[in-house]
1. Only one of these conditions is not met by MET1: (1) among the hydrophobic types (A, V, I, L, M, F, W, C); (2) free of Cβ contacts under 8 Å to residues at least 40 places away in the same chain; (3) open to solvent by 40 Å² or more (accessible area, probe 1.4 Å). Which number is it?
2. With LEU235, LEU243 as the choices, which residue is within 16 Å of the ligand (Cβ to nearest atom) and either surrounded by 12 or more Cβ atoms within 10 Å (Cβ to Cβ) or under 17 Å from the mean Cα position of the chain (by Cα) (or both)?
3. Restricting to the range 135-158, and then to whatever is over 16 Å from LEU93 (Cα atoms) and within 19 Å of the chain's Cα centre (by Cα), can you tell me which residue is farthest from the ligand (Cβ to nearest atom)?
4. Is it the case, given these coordinates, that ILE228 is within 13 Å of the ligand (Cβ to nearest atom), of a type in the set (A, V, I, L, M) and open to solvent by less than 10 Å² (accessible area, probe 1.4 Å)?
5. If you take the residues in the range 182-213 that are of a type in the set (Gly, Ala, Ser) and more than 8 Å from the ligand (Cβ to nearest atom), which one is least open to solvent (accessible area, probe 1.4 Å)?
6. Picking from VAL105, VAL143, VAL125, which residue would you name as being more than 30 Å from VAL187 (Cα to Cα) and assigned to a loop (DSSP other than H, G, I, E, B)?
7. Criterion first (in a loop (DSSP other than H, G, I, E, B) and acidic (Asp, Glu)) does ASP159 satisfy it?
8. For the range 57-97, how many residues are part of a loop (DSSP other than H, G, I, E, B) and touching a Pro at 6+ places or on another chain (Cβ under 8 Å)?
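The values are calculated or read from the model by the stated rules, or taken from the named source; none is laboratory data. Just so we're clear, the structure is a prediction, and the values are computed from it rather than from any experiment. Here the Cβ is made from the backbone with ideal geometry for all residues, glycine too, and neighbour counts use every protein chain on show. SASA here: full protein model, heavy atoms, side chains in, ligands and nucleic acids out. Shrake-Rupley method; radii C 1.70, N 1.55, O 1.52, S 1.80 Å.
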Amino acid sequence: MPQLGLGVFQVAEDETTAAVLTALACGYRSIDTAALYGNEAAVGAAIKTCGILREDLFVTTKLWNSDQGTDKVRPAVERSLAKLGVDYVDLYLIHWPVPSTDRYVETWQAFERLSAEGLARAIGVSNFTIPHLRRLMAETSTVPSVNQIELHPGFQQQDLREFHAAHDIVTEAWSPLGQGAALAHPVVRDLAQRHGKTPAQIVLRWHIDIGNVAIPKSVTPSRISENIDVFDFELTTEDLRLLEALDTGTRVGPDPEAVGTRPSGFSTRIDQTL
Ligand code: NDP
């Protein structure tokens, strides 16, 4: 799994194909979408026309909350595969645990069957807490490959990252730039100046150095290019210590315990799409 990918949450369908093609031309090979985002078909159009072999791409999508449950998973993944125009996804994620409906264990068992059939090369979860992960481990036979969680300098999730490391679960950071908020911090700006890099490059390099997979979103070609250009410099131990001290425990997105079958805590535009 590439350590950097392009996220396309809140990217309009008519902007998505161009953003993905720009990213692929810049060297990205991993794209993160979701049934919720309404742009799987536009990602699929980029996959079809990019000229890169399918096996060289890493495509992630996610099962939306209202499709959790034994009988709903298979039709949902088939819809996603059809929109993406692919026979399999590289990673299929349960988007949120939705504890209020208590269906994530049976949903995970359906994911195990998709994996056995080859429709998803790897299966994982998103927005799961340690108790949710422990329950999956106790009641099913597969440990998720990945947990995609909110993670940026202001919200570092140290305990969850340690739990992932102990159980060989990849930590994938969503909103890796804190939706842009992390870039204005004076510490980040100072490090950017010292390294001759941009604030986004400092934050993304930090993700790489602490072992996260990161999926920054941008529709701006220069930023898409900038965000993957982070492999020619290193942060020092002192730099990492300064960035670790920026954790305020403040989320930019909703609390996983509170999210139900309708999105909450994100933009009203997304609320209106459901
Ligand atoms: P990000 O932290 O990636 O921030 C995106 C914002 O930062 C956009 O406004 C973008 O602007 C701006 N930006 C990007 N690059 C730069 C740069 N180099 N300099 C300055 N500004 C920049 O937030 P997201 O919430 O979009 O998260 C990223 C991805 O994570 C999503 O697209 C999605 O794939 C995933 N995600 C998953 C969730 C889940 O529940 N599993 C929830 C939320 C996100 P612009 O586009 O205008 O350039």
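1. Against the list (1) among the hydrophobic types (A, V, I, L, M, F, W, C); (2) free of Cβ contacts under 8 Å to residues at least 40 places away in the same chain; (3) open to solvent by 40 Å² or more (accessible area, probe 1.4 Å), MET1 comes up short only on (2).
2. Result of the check over LEU235, LEU243: LEU243.
3. Among residues in the range 135-158 that are over 16 Å from LEU93 (Cα atoms) and within 19 Å of the chain's Cα centre (by Cα), the one farthest from the ligand (Cβ to nearest atom) is GLN158.
4. no
5. Result: ALA192.
6. Of VAL105, VAL143, VAL125, the one residue that is more than 30 Å from VAL187 (Cα to Cα) and assigned to a loop (DSSP other than H, G, I, E, B) is VAL143.
7. The answer is no for ASP159.
8. So the answer is 2.
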